[in-house]
Structures are given as C-alpha cells and as structure tokens.
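The values are calculated or read from the model by the stated rules, or taken from the named source; none is laboratory data. Keep in mind that what you see is a predicted model, and the values were worked out from it rather than measured. Using ideal geometry, Cβ is built from the backbone for each residue, glycine included, and neighbour counts are taken over all protein chains shown. Only protein heavy atoms, including side chains, enter the accessible area calculation; ligands, DNA and RNA are left aside. Shrake-Rupley method; radii C 1.70, N 1.55, O 1.52, S 1.80 Å.
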Amino acid sequence: MTSRYQIYIFSFLLMGIALGIMAYKINILGFPLFSGEKKSVWNIEAKVTFKGTKENAFISLALPVGQRGMSIHNESASSPNYGYTKAQRDGYTRGEWAKRKVSGKQTLYYSIDVIRDESYVPPEQEEYAKKSSIEASSAIIQAADVIMQDAYEHSADDASMAASMIFAFNQEDDSQAIEMLKRKYIHSEKDLRDLIVMLLEEKKVNLRRVGALELIDGHKNVSLKPMMEVYDKGKWQLFDMYKGKVDKSDRLFIWQRGAASLLDAEGVKDSDVHFSITESVLSARNVALIKGDEGQISFLDFSLFILPNESQNTFKRLLLIPIGALAIVLLRVLIGIKTSGTFMPILLAMAFMQTELVPGVVMFLVIVSTGLIVRSYLSHLNLLLVARISAVLIIVVGIMAMIAILAYKMGIQDAVNITFFPMIILAWTIERMSIIWEEDGVSEVLTQGSGSLFAAIIAYVVMTNEIMQFWTYTFPEFLLAVLGLIILIGRYSGYRLSELYRFASMVKRS
Amino acid sequence: MKLAFPSELRRLGLLGMNARNINYISRYNDRSFFPLVDNKLKTKQLIKKHGLQAPELYGYIQYQGEIKNILDVLPKGKGFVIKPARGSGGKGILVINSREGDCFIKPSGEKLTEQGIKRHVSNILSGLYSLGGKDDIALLERLITFDKVFEKFSFEGVPDIRVIVYRGYPVMAMMRLSTSESDGKANLHQGAVGVGIDIATGKAISAVQFNRPVEQHPDTGVNLSTLEIPHWSKILDLASASYDMTNLGYLGVDIVLDEEKGAMLLELNARPGLAIQIANEQGLLKRLKWIDKVADTHQNRDERTNFSLTHFGGVTED
C-alpha cells in the first residue's frame, strides 16, 4: 500500500510542479496559454538630425524609462563612428553621442520596443519640475492672476484646478486675460503647456512636465507631445493640453519627464529629433520571449528558446514523442488495443506528420503489403534471420524509391516525403507480420496490423494537435505532467475496455 | 458488440490484465526468477534437479554450425518436437509425428524435408521466435504420446492441462484441446478449445472456443462435458511442486499426460493468460483472495494441494 501512496504523491508532485511552472510562465512572464494570442510590440525610433560644424559634436538625448504597464526592450543606438554612452544626469537617463570634428549632415538613431506589460513598474521619478520664471509685464501678471484665481475658485483640488485651467485656455471665446497671454506667449502646444505649468506652480501644485508619444502605427517624424502630470490623491494624473485630463491610456508612451531638455546638442547646428512609430503584431509567446531576453529573466536562459532555430525545430518534434507515448499507454492500458511493437505506432505517427495522414496511411499499406508478398517468397530461400531482415530492408527501400518516382511522375508531390518512414522498423514489422501470418493466420495479422495503424493514427492526431504542439514546445515542463500521468496510469489495475467485451459472455451466462 | 459493466465483472471476481500485471505478477513473481521459466532449457534442467517428470530432452542446438548434425541427435524413425528455448505463446514449436523415408510428417499430415527441419532450427537460433529477437537455442524433445483417454478430445495435437498456481496452491485448471482451426496447437487464441476443469474432481465444467461456449469438440464431435482427467491429484501435486521449484507466486503450469509415463511437466509460464476464467465460467479473484487469507497456515505442498482439492470445487463464493 505504501508504494501506492508513493506513486500518488510522486505523480501528483510532478503534475503540480509542471502546472506551477506553467502558471508562473503564464501569469508572471506573460506566456500565452494558447498559440492564437497576439500582442502588439511598438517600435519607437528616435531620429536625431543635425549638421556638423567641424567641431567636436556632443549630442545628448533624454531616454525613456518605461511607464507603469509598459516595458522597454531591445534598446539599440545605431550611430556609426560615434561614441555612445548611457548616462545618468540629475536622476534622468540620457543617451550621449560624441565625435570629434563632425561635418556635414548627420543622423543618429535610437530605437526601442515597447510592450504592454501589466506587471511592469518603472523606477519612479519623483523630481518635480524646476521653477522657471517668465519676465512679464505687470499687465500680463495681472491677467495671469485673474486666470489663476478663476481656476482656483472653480475647482476642489489640484487635479480639477489643472483641468479647469486647461479648459479655460481652450474656450472658443477667450476671456480678455487669456487672449492677452495667448498672444504674448503661446505659439505652440509646448508654450501652452509651459505656461499652464508655470501658473499652476504659482499655486503650489505638484506637477511635472511630460513628453509623450501617441502609439499609432505608421506615424513618422512626429515630435513629443507636450503634456503634464499633476500629483493629486496620491498619484500622478496625466493632462493633455487640449483635452484636459486623460487616462494614461495604453495608446500613450511617456518618453520624457521633467524640465530638462529633450535634446542637447553641442558643437553642431540645426539639431532636431523626430520619432517614428511602427506596430508589429507578434504571437504573445514571442512577445514574452522578447521580455525574457536580455537576461532579465534568468529562468528563460535555460529554456529551449535559446537554442539555434534548427535545433529548436528538432526539439519541437522530439517533445511530441512523450505525448504520443501517453496516447499509446492510454490505448494499451485503458482500451487494450494490440499493436505489433510497443512504440512502432509512434514512429509511424511521426512519419505521418511528415507525409500527411492519408498519403502516409496509403504508403504504409502499400509498403507493408508489398513487403509481405516479397517476404513470402524469401521464406522459401531458407535464409538466416539477419540476412532475411536485411533483404526485406532493401526491398522496403526499393519499394519506397519506386513509390516516390511513380508518384512524382504522376504529379503527386507528397509521395517524396516517403523517405520519412522508419525503414528498419517497417522491415521488422513486415518480418513479424509474416511470422504471425504463418503461425496465427491472417486474422491475427489484420488484428495487430490494424491495431498498430489505429494507434498510429490516434498518436498522429494527438501529436499534430495544435494545443499539444504549442504546450510541449512553449512549456516543456508540461512533459513532467505527462510523466506524472503515465506513472499514475501505470498503477491502474482496473479492467480494460477490451476486457469488458472479452468477458461479456460470462455475465450473460451466470 | 456487447460490453459488460465493470461492476458485473467485479461481482464475478474476474481478474483483468492490468490487475494481473500489477497485483499478482509484479508482486509475487520476482524478476530474477523469470529466466527459469522463460528459458525452457533452464526449466528442463531445473525440473531434472528437482526430480520431477518432464518429456525427455534429446539434446539442444545452440550454434548454426551444429545444425548439420541434427539428425545424429534425433532418434531414428520416431517423432520428435523442436521448440525454441525462449519462444512465447507456442510460437516456433515444430511437431513431427513420424518419419517416412526422408520425409518428416507433421500432425496435419504435411510433409517436411530435412532442409525444412534445418531451416526451422536455423530460424529458432537466429531469434525469430524469441522475445525481442534475441539469439535462441533449439530444444529437441521426445514426442509425447498422449493418454488414450483423450483420443476423442483432441484433433491432431497434444492436449495439455493448464493449472494456475498461486503461492503454491492450484487455483484453477483447464484442459486445452487442439482443433483443426488451431492447426493442432493447444493455443486458445488460435482456436483451441478450452475446457474448465473442476479442481476438486478433475471433471469438465464447461468449454469455450474463441471465447464462446461450446458443447462438443468441433472436429471429433465428442461431448466435452464427459471429459474427466485421470491421475488428477498427481497433476495438482506436480503443479504445486512447480511453485517450490521456481518461487514464482503466480504461475501457469502446463502438464501433459503421457501414455506410459503419466503426468509430465511440459512448460511453465510466469505470465499465464486470463482465458482460463472464461473456460471455468468464473473469475480467479475470489480464490486468490481466499488463498491470501490462509497462505500462512499450510506448511508443505501436500497441505496446499489438499486445501485446493477441498475448497475449490464448483463455484467459489465470497
């Protein structure tokens, strides 16, 4: 009895470990459970252009750190002949390019992939915008005071004050005060943002400047959209300068925070930075792998995905064998199907995977039946076993070549895949079948032959199942669960389905 | 096609293949003793050592080179049997009833040349009939002349008695009668008739062919219920002795009755089939469980055989 409990504990442990790792990969690493799931990867490319002035050039670009729910991957800076470093300046990350004696038109690229990742939390930047003061006439200061007072009175907290101020600046019929400020200071969205930030800072509102990008596929040469974040009710809230408060939706990517300039360029002229955005829709698994890359998740360093593509494809097939074995175990232990050779059906199923089912079955039948005919002649020749099997093997190869050539002539391309049949196994199958034929008669040949074929077809169906293919490859630990299940079935001492038929006559009689 | 409910089979105490493998064979048959029964040459030597009766071994052939001398080993002008030491399920057994000049006559009347015999032996040696295709040994045995009692009951082949011995107790028995369909072989799935034999009396209970009940032998037409096996207690004793010899707790013992020499141990099987239950119209489990309860109370094989004789007559109830 204790061994029985050991089996239970052991197999459930295996299944538990497998399901645990799968759950971890799905929930934490973002692997999808099914192959169909798709995810967007946004490639954002910053293109810095400038003209060299034959002086030493130094370019510094503010870099993003990601935001809550959006993580950054595959960061790359392509900049021929430039020295590139990433540096921390006043708590912000900047990419810095340097080169001596630059002349002519220059272009630098910096690109990242952005992936939506619910669990991602970026390093928080708590620094508030530095105060900036505007030299202004008393009339304008007065006007600003009016606007501020108005916004202050029409609001309950910092966030609603910011909203109300943005609203005031976006009215169709502006008040006189706003008209005056607009005319004097506001020539762009950025000016509007800076002015509103300045006014709000007067009211001791905690806020910071933000440069964001709208994630729209195919956008080229766009600039950062000036926005701001207001700290209220314990969190940062994002404001659009025209629309007011916006949800920090998944369509916005914050490139830069704080008052520092986006681009600093020394020793060059006409410097500018533009952004292009491309969306690619990848399978969720590949997205999870991009996230897992870069050694961030050491767990994935030991996954099959680190292998070269070619070996990955081999393993894809290898990993399906246990699934086929499980099918055979079920068929033999629970159903009671007779097969000739325990795992011959799996090898047959793997051949079917290459040839497709129907052509595979036809080819199998042709090879085996032709082989049986030839073998019946060989049995008259009185050969030693090894020689005879080898003769059958050569015949099998010959038949396969014949089928391939004939079928090709007839325009059936699939038939060339016949080479995937396991020849030696087929030769043995023919040998065994012919012995069974001689000893037990045709009916036993048909029973075992059709049993093997049936088992092979079932194994084929299971092994070509998309979910199984996806699981074994994406979650190789799933095989531990298969192992646990097989161990469990290995202790099944109940009746087989075939026995319910075999012993049925006894029930009637008694 | 009709299926039985598992609960009905359980009520009848039927032993299934999975339960046999897990609960009986792997528990009571130690792997290390398997070669004793899987290799018939070793079985023969063991039987000799224990002084039990078995068909005489003329000799054996182990290497292809020895085949050419095969006729020197075989007795002149008599029948004989060639079997692979590691064959299973009766595969590769060649029975020669008599010789006519250069020809060897099979029970079916088919004639075989010396070449045919040698080819068969060569096949055996190269492992054609052995499990996993391993090299094998061919045994040359004396042909059994079976007891006249069975003359009407068998077609061409030698009828044998299969006794299931559990922990030394004979639990169930059947006689296997060859038919024309089974090609003279006493193999149930090849079409031999299985006759359930009452352990207490040695008389027929019921008979099946291809899992279906039969009343008469399909070839000879004899009423199978009239079958009664002589020397019954001797047969059970031989079966029980096989346990002491092999230490296999779940054992199939095949016994033949020779006209001159009586009960002889033909073969042992560490994985006996389940068809015996159909021939006996009852399951094995109730008897096996009964034995589990009393196994320690009997000291030797006489006591065990006596227990079986007194308790396993008719249908065993819970």
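For a quick check of your reading of the filter: which chymotrypsin sites (Phe, Trp or Tyr not before Pro) in the stretch B:144-229 sit in a DSSP loop and have no more than 10 other Cβ atoms within 10 Å? When the chymotrypsin sites (Phe, Trp or Tyr not before Pro) of the stretch B:144-229 are filtered for loop state and at most 10 Cβ neighbours within 10 Å, nothing remains. For the peptide B:121-128, the mean number of other protein chain Cβ atoms found within 10 angstrom of a residue's Cβ is 4. Within the straight-line cut-off of under 30 Å between alpha carbons, the lysines reachable from B:Lys289 are A:Lys338, A:Lys508, B:Lys2, B:Lys203, B:Lys234, sequence neighbours fewer than 8 places apart in one chain being disregarded.
Would you jot down the residues in the stretch A:369-404 that end up with at least 40 Å² less accessible area in the complete protein assembly than in the chain alone, with a 1.4 Å probe? Buried on complex formation: A:Asn382, A:Leu384, A:Leu385. To the nearest whole percent, what portion of all C-alpha pairs in chain B is separated by more than 34 angstrom? In whole percent, the share of Cα-Cα pairs in chain B beyond 34 Å is 21.
Partner lysines whose Cα lies under 21 Å from the Cα of A:Lys184, excluding those fewer than 8 positions away in the same chain, are identified as A:Lys131. Annotation note: chymotrypsin sites (Phe, Trp or Tyr not before Pro) in the stretch A:217-291 located in DSSP loop regions with a Cβ neighbour count of at most 16 within 10 Å are A:Tyr242.
Only Lys, Arg, Asp and Glu carry charge here, each on its Cβ (+1 for the first two, -1 for the last two); on that basis the stretch B:56-142 has a dipole of about 140 debye about its Cα centre. Peptide B:13-21 has a mean of 6 when you count, residue by residue, the C-beta atoms of other protein chains within 10 Å of its C-beta. Within the accessible surface of the protein assembly as shown, defined with a 1.4 Å probe on protein heavy atoms only, the carbon and sulfur portion equals 55 percent.
Ordering A:369-375, A:456-462 by mean Cβ neighbour count within 10 Å, with the highest value first, yields A:456-462, A:369-375. Peptides A:307-313, A:160-166 ordered by packing proxy, namely the average of other Cβ atoms within 10 Å per residue, highest first: A:160-166, A:307-313. Overall, the protein assembly as shown carries a charge dipole of about 1880 debye about its Cα centre when +1 sits on the Cβ of Lys and Arg and -1 on the Cβ of Asp and Glu, all other atoms neutral.
Based on protein heavy atoms only, the protein assembly as shown ends up with 47 Å² per residue of surface accessible to a 1.4 Å probe. For the stretch B:56-142, the mean projected area of the C-alpha convex hull, equal to one quarter of the hull surface, is 5.1 nm². Other residues whose C-beta falls under 11 angstrom from the C-beta of A:Lys233 contribute a net charge of -2, scoring Lys and Arg +1 and Asp and Glu -1.
In chain A, the calculated helix contribution to ellipticity at 222 nm averages -15000 deg cm²/dmol per residue, counting -39,500 (n - 2.57) for every DSSP H run with n ≥ 4.
When the protein assembly as shown is described by a simple charge dipole with +1 on each Lys and Arg Cβ and -1 on each Asp and Glu Cβ, the residue from A:Gly66, B:Leu309, A:Ala265 located farthest towards its positive end is B:Leu309.
In the stretch A:439-466, the residues whose accessible area drops by at least 50 square angstrom when the other protein chains are added to the isolated chain are A:Glu439, A:Asp440; the probe is 1.4 Å and only protein heavy atoms count.
The B and A chains share an interface that buries close to 3400 Å² of accessible area, total over both sides, probe 1.4 Å.
In order along the stretch A:360-371, the Karplus-derived 3J(HN,Hα) couplings, from 6.51 cos²θ - 1.76 cosθ + 1.60 at θ = phi - 60°, round to x, 4, 4, 4, 4, 4, 5, 4, 5, 6, 4, x Hz, and Gly and Pro are given as x.
Burial annotation for the stretch A:474-510: residues with an accessible-area loss of at least 50 Å² between the isolated chain and the complete set of protein chains, computed on heavy atoms with a 1.4 Å probe, are A:Ser493, A:Tyr495, A:Arg496, A:Leu500, A:Tyr501, A:Arg502, A:Phe503, A:Met506, A:Val507, A:Arg509. Candidate cross-link partners of A:Lys99 among the lysines, defined by an alpha-carbon separation under 24 Å and a same-chain spacing of 8 or more, comprise A:Lys47, A:Lys51, A:Lys54, A:Lys86, A:Lys269. Among the GluC sites (Glu not before Pro) within the stretch B:209-318, those in coil by DSSP and having at most 16 neighbouring Cβ atoms inside 10 Å are B:Glu215, B:Glu259, B:Glu260, B:Glu317.
Can you divide the C-alpha Rg of chain A by 2.2 N^0.38 Å and report the result to two decimal places?
After normalising by residue count via 2.2 N^0.38 Å, the value is 1.53.
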